[in-house]
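Q: Before I ask anything, let me first share the structure, which is written out below as structure tokens.
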């Protein structure tokens with residue numbers, strides 16, 4: 001789906017969505033894809049055709065208008081979809097990873113299994 005399908009969402013008040021935050025390319029250069037939608041919220045992946053940077057944004061239609069929160073990312077559209085449905089990382093996962101890093105040789109062996 002391209003950015004033209006979302007033209008009502010791209011206004012003067014949504015500069016992050018309508019202009020690449022790195023190279024300032026206009027919205028026509030930005031490939032926009034909806035990752036997920038739920039009622040009045042849309043999770044959107046945008047990739048600039050000029051510089052290749054990507055933004056993941058959550059656009060919500062609230063009673064006070066459209067609100068968006070976005071972040072620069074190196075994730076592709078497929079990555080966002082994959083991680084969207086993945087289980088959250090728990091504190092125990094983080095501690096286990098930290099402990100595994102303490103023995104670098106064993107950690108490398110586990111990686112190549």
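Taken together, the values in this text are just the output of simple stated rules run on the coordinates, not laboratory data. The structure displayed is predicted, hence computed values, not measured ones. Neighbour counts run over all protein chains shown; Cβ positions are idealised from the backbone, glycine included.
Q: Determine, for each peptide in 39-48, 96-105, the mean count of other beta carbons within 10 angstrom over its residues, then list the peptides with the highest first.
A: Highest mean packing first, the order is 39-48, 96-105.
Q: Moving on to the next point. Rounded to the nearest 0.05, what FRET efficiency is calculated for residue 112 and residue 84 with R0 set to 22 Å and r the Cβ-Cβ distance?
A: Result of the calculation: an efficiency of 0.20.
Q: Which length gain, in nm to one decimal place, applies between residue 51 and residue 38 when the Cα-Cα distance is subtracted from 0.36 nm times their residue separation?
A: 1.7 nm
Q: Among 113, 82, what is the fewest-to-most ranking by other Cβ atoms within 10 Å?
A: By the 10 Å Cβ count, ascending, the order reads 113, 82.
Q: Mind sorting 63, 53 by how few other Cβ atoms lie within 10 Å of their own Cβ, fewest first?
A: Ranking 63, 53 by Cβ neighbours within 10 Å, fewest first, gives 63, 53.
Q: Taking only the C-alpha atoms, wrap a convex hull around region 23-92 and report its volume per residue in Å³ as a whole number.
A: Normalising the Cα hull of region 23-92 by residue number yields 124 Å³.
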